[in-house]
Amino acid sequence: MTTAGMAAMPALLDRLGELADEDDRETLAALRDRLDSGRLRVLVAGEAKRGKSTLVNALLGREVLPAGVIPLTAVPATVVRARAGEEGVEVAFTTGKSERFPLAAVADFGTERGNPGNCRNVAAITVGVDAPILGRGVEIVDTPGTGSVHAHNTAAADAALPSMDAAIFVLTADPPVSASERDLLRRVAGLSVALFIVLNKADYLDELSLAEALEFTAAVVAEVTGRSERVYPLSARQALGIAGDPGFTAFAADFTGYLDAGRIAGLELSVTRHVRRLAQQLLDEVALAERAARMPGDAAAAQIAAFGARLEAVTARRLDAEDLATAQSRRLLEALNEAADDARPRQAAAITGKLTELLDTELAGVPPADIERQGRVHLTGLVAAAVEAWRQGQAAGLEHGLREIDGKLAAELEADLAAVRAAAADLLGIDLAVPAPGDRLPADLGFFYTMDERVDQSELLAGTVRRRLPGEYGRRVARDRLLAQVSDLVGSQLGRARGDLQYRLAEATRELVADVRRRYSDSTQRLAGALDRAAGIRASVGDQAERQLAELAARAGELRALLADLHDGGDA
Ligand SMILES: Nc1nc2c(ncn2[C@@H]2O[C@H](COP(=O)(O)OP(=O)(O)OP(=O)(O)O)[C@@H](O)[C@H]2O)c(=O)[nH]1
Ligand SMILES: [Mg+2]
């Protein structure tokens, strides 16, 4: 829809509102409100502890939202503009009630400490703040971090995604981008009309490491989002201090620049997308319900039941798919453990061989102290290289194994959904636009790891002992001591690498299972609802059924007209 065509949007929103149910109507009312006031909804997203709340505070210019070292933000908080005397927190409860509190209460309702496991049943928090940035047509949503020990925080952050227009994605250099972080980034990129990528906690890094981290992050972002995005290095914490932070200043300048120049176009595009998504979903639902309710005779009932069974079978397959993913992960874990047990004696023998050769040649005539010192340098180098090669091989194997199962599951779901579509066409004679399976796992699951720099930790022989040992005898003692360390060092380093791989495998598996669940329920939930509705209509008597049917037909017609109007607007 073109900007000129946007004049028709409020009317379209009204029309869609009349066709939608209660939940969708709330979504539409929020869209309408933002469109009327030219207010862009910017989500601040990222994994736990990246400094999201601190960044929002930096944008506000003061510490409004609680930030801390343990997983903290528990409920998404929408920060909106308020007049100086009218700052405060509006808490909406899951019961439907809402209540106003002073600004400081945000910690009581919005954090894991004040509201553990969301025991206070908070549905949403709106924080009214008097801050200049909020006067520029924006509401900023601070989300709970994903991927922390609190699974409900991830779920709450997930639920906040579909309502956003634009996003600020917060990453940090340490630890590097994880598999689940990539997944989140991919989804956020797909849902936002403008995306700002921030590399926070830059104050931890020296210039060289920062340049490296930036390059790495930019490459990951380009790979995940398919576009090359600028990455803003900054320190949100320092931005809140008296001295400020030049990186933050640069980011804030571009962000407010976008709000001033690109916000309205972005908002219009975003609203158009939101409306189209919703209208298309509703149309599928209505068309299916209408068709299923209208089909005459007993044969039709059987056909509808057959279609329902198809849909149910797909839903049931979800559990199989989850089991498959978990089983594959277990197999990969077993293989990893076996490989580590195998590698230890093999690597120890190979390294002992190389070290012995070195002791017999290069280090044959040197004093005992040098045997120890130089020998250690060689030893740690050999262990580091061997373990790293092993780790890379294992990581590649794990990624391959996970991709394989993901590919298999995605293909199965695709086939299932194709069958659902075919069944809808055959049994009920309608074309469904959706379901379509969601996105796949990212190509690279991100098995990163760095060798522990403190490999070289065992004590050297005490100086006095070393000095007193006579030449040949001292050399033998030093040599034996060195060789005796090989097996332990190989074992401990392999252990670390294995632990790292195990952790990442568990993380990737969790993500895969969550993905499977989401793909299945996204694809079938509304259709199943439509069939229930049709069953209700078929069971009702006399002119009641006719009335409901006429209503469904009218809704379908209006949704088609509405989608055509959106389309005529020109935006793809
Ligand atoms: N050194 C440094 N620390 C920071 C920076 N930004 C945030 N932190 C610290 O990182 C910790 C986490 O910050 P939060 O803002 O609570 O992070 P969050 O992403 O909102 O965390 P959750 O809500 O739990 O997901 C706090 O101890 C902050 O002080 C920064 O730029 N530099
Ligand atoms: Mg937070």
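Calculate, in nm to one decimal, what L208 and S37 gain on full extension: separation in residues at 0.36 nm each, minus their alpha carbon distance.
57.1 nm
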Legend entry - Isotropically averaged projected area of the chain, using the convex hull of Cα atoms (one quarter of hull area), nm²: 32.8
Legend entry - Per residue accessible area in Å² of the chain, where ligands, DNA and RNA are left out and the probe is 1.4 Å: 46
Inset, instruction - Please name which of A484, T509, A316 has its Cα lying farthest along the dipole of the chain towards the positive end, using unit charges on Cβ (Lys, Arg +1; Asp, Glu -1) and the Cα centre as origin. - result: A484
Legend entry - Between helix 22-37 and the chain: long-axis angle, C-alpha atoms, 0 to 90°, nearest 10: 80
Inset, instruction - Quick one: which residues, 5 or more positions from T146 or on another chain, have an amide H under 5 Å from its amide H? H modelled 1.01 Å from N in the peptide plane, none for Pro or chain starts. - result: G46, E47, A48
Inset, instruction - Using +1 at the Cβ of each Lys and Arg and -1 at the Cβ of each Asp and Glu in the chain, identify which of S540, M164, P116 lies farthest towards the dipole's positive end. - result: P116
Inset, instruction - Run the 1.4 Å probe and let me know the accessible area of E511, rounded to the nearest 10 Å². - result: 40
Inset, instruction - Taking the chain as the reference, fit the longest principal axis to its C-alpha atoms, fit the long axis of helix 471-539 to the helix C-alpha atoms, and give the angle between the two in degrees, 0 to 90, nearest 10. - result: 10
Legend entry - Ellipsoid equivalent to segment 358-406 - semi-axes via the Cα gyration tensor, in Å: 40, 8, 4
Inset, instruction - Could you list the square roots of 5 times each eigenvalue of the Cα gyration tensor of segment 6-105, that is, the equivalent ellipsoid semi-axes, sorted largest first and rounded to whole Å? - result: 30, 16, 16
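Which of the peptides 40-52, 91-103 is most tightly packed, and how do the rest follow, going by the mean number of other Cβ atoms within 10 Å of each residue? Don't skip to the end; give the middle numbers.
On the way: 40-52: 24.8, 91-103: 12.8.
By packing density, highest mean first, the sequence is 40-52, 91-103.
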Legend entry - Apportionment of accessible area to carbon and sulfur, the chain, percent (1.4 Å): 53
Legend entry - Selection from V193, P175, F248, by position along the positive dipole direction of segment 168-317 (Cβ): V193
Legend entry - Helix 9-19 vs. the chain, principal-axis angle (Cα, 0 to 90°, nearest 10): 80
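The values are calculated or read from the model by the stated rules, or taken from the named source; none is laboratory data. Bear in mind that the values here come from a model prediction, so they are computed numbers and not experimental data. Reconstructed Cβ throughout: ideal geometry from the backbone, glycine too, with neighbour counts over all protein chains shown. Protein only, heavy atoms only, side chains kept; ligands, DNA and RNA dropped before computing areas. Shrake-Rupley method; radii C 1.70, N 1.55, O 1.52, S 1.80 Å.
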